[in-house]
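Here is the structure we will look at.
The values are calculated or read from the model by the stated rules, or taken from the named source; none is laboratory data. In this text, all values refer to a predicted model and were calculated from it rather than measured experimentally. Cβ placement follows ideal geometry from the backbone for every residue including glycine, while neighbour counts extend to all protein chains displayed.
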Ligand code: GDP
Ligand code: ZN
């Protein structure tokens, strides 16, 4: 396996230079299980553990490698083993907040638990059935933005929805410029649109509530490959080892998907009944502004400025709203060559292509 196919790029190469000088080899974590790792490198797949020094210097679980990490290893080829000496800085990371008992007692300080690293795209999957919920999509968008990866919204189960176009427009209105695609994983319709996020060397992961169709989608993207891999795991123990453990899957087309228990269990909702939009309050205020296209700066009759002045709306909260909006637009613009053309035609075009697809 060559490193570029695994996502190696100039950023990591630069970070790796000092370790190169020490004779280490770069490798990517494809499975992390109780501090036992599988790594892929130019010298093949190896089973790895962190060095004694590494362990000694690690204060918490958060310091240990996770799936997707690039690490500096010392390989022992005869035994197909390796020692991990360093984690290279992460380009992006998916994490959740956990609060241990001790921390809760000391005032509710939460610790970050990293689930996966170095993702290019977070595919936010939702179903166009009873699961459909704009507030939930907003929450996942905020979450994806915080990860540093670019969010893409996938509206699955289009086969169950008579108003795909309406839903697309509704979602685009809250998407801050993140791409939105409708498809049907079950019918294998429209999956190809996701290939642009899964090109050689690119890493993505799927997030979304249970039942939205993430597994069906992964199987669809893997196609016959997964069946082949499964057959292999039945016949040889070696195959079983790699397939049952591997959490970073290389797709037939070249891209990579991270699919592990942490990702699957990632629920942004403690209480499904109590859905609160991440920025629903700001939206509600914005609806009361005098001008329809209010930018909430110095316009007269701006409900948001009033709320800020009266202390009803928190300044920091408004700033994070603006930041999210700006960053997501930036990600979108960077993805496309011509931002201005995109701004004008984006909505129309995407809706149109989906329309053609679903009339067929
Ligand atoms: P996960 O929990 O997100 O991994 O969801 P699954 O992939 O297990 O799918 C949950 C259910 O939704 C299964 O019964 C799937 O067959 C069904 N499903 C998945 N994708 C689609 C789709 O595009 N259309 C329809 N109608 N059902 C789907
Ligand atoms: Zn306003």
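Residue-wise test of (1) on the phi < 0 side of the Ramachandran plot; (2) surrounded by fewer than 22 Cβ atoms within 10 Å (Cβ to Cβ).
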position	(1), (2)
115	yes, no
134	yes, yes
144	yes, no
156	yes, no
162	yes, yes
166	yes, yes
169	yes, yes
172	yes, yes
188	no, yes
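Only residues that are modelled with pLDDT under 80 and touching a helix residue (DSSP H, G or I) at 6+ places or on another chain (Cβ under 8 Å) were counted in segment 106-146, giving 5.
Of all residues in segment 140-162, one or more are without any contact (Cβ under 8 Å) to a residue 40 or more places away in the chain and assigned to a loop (DSSP other than H, G, I, E, B). Against the list (1) at pLDDT 90 or above; (2) in a loop (DSSP other than H, G, I, E, B); (3) surrounded by 14 or more Cβ atoms within 10 Å (Cβ to Cβ), the condition residue 268 fails is (1).
Only one of the numbered conditions (1) surrounded by fewer than 21 Cβ atoms within 10 Å (Cβ to Cβ); (2) at pLDDT 90 or above is not met by residue 226, and that is (2). Looking across segment 65-80, the residues that are out of contact with any helix residue (DSSP H, G or I) (no Cβ under 6 Å at 6 or more places or on another chain) and surrounded by 20 or more Cβ atoms within 10 Å (Cβ to Cβ) come down to 65, 66, 67, 68, 69, 71, 73, 75. Close contacts from segment 40-56, counting a first residue that is at positive phi and in the same structural domain as residue 75 (by TED's automatic domain parsing) and a second that is modelled with pLDDT under 95 and in a helix (DSSP H, G or I), with Cβ to Cβ under 8 Å and a gap of 6+ residues or different chains, come to 44/77. The lone criterion from (1) surrounded by fewer than 17 Cβ atoms within 10 Å (Cβ to Cβ); (2) at pLDDT 85 or above; (3) not in a loop (DSSP other than H, G, I, E, B) left unmet by residue 210 is number (3). Selection over segment 277-293 of residues that are modelled with pLDDT under 90, surrounded by 13 or more Cβ atoms within 10 Å (Cβ to Cβ) and assigned to a loop (DSSP other than H, G, I, E, B) gives a count of 3. Checking each residue in segment 294-326 for being assigned to a helix (DSSP H, G or I) and modelled with pLDDT of 90 or more picks out 303, 304, 305, 306, 307, 308, 309, 310. Count, please, the residues in segment 13-34 that happen to be under 21 Å from residue 93 (Cα atoms) and touching a strand residue (DSSP E or B) at 6+ places or on another chain (Cβ under 7 Å). Qualifying residue count for the region: 7.
Residue 200 versus (1) more than 16 Å from the chain's Cα centre (by Cα); (2) assigned to a loop (DSSP other than H, G, I, E, B); (3) modelled with pLDDT under 95: which is the lone unmet condition? Residue 200 satisfies all of (1) more than 16 Å from the chain's Cα centre (by Cα); (2) assigned to a loop (DSSP other than H, G, I, E, B); (3) modelled with pLDDT under 95 except (3).
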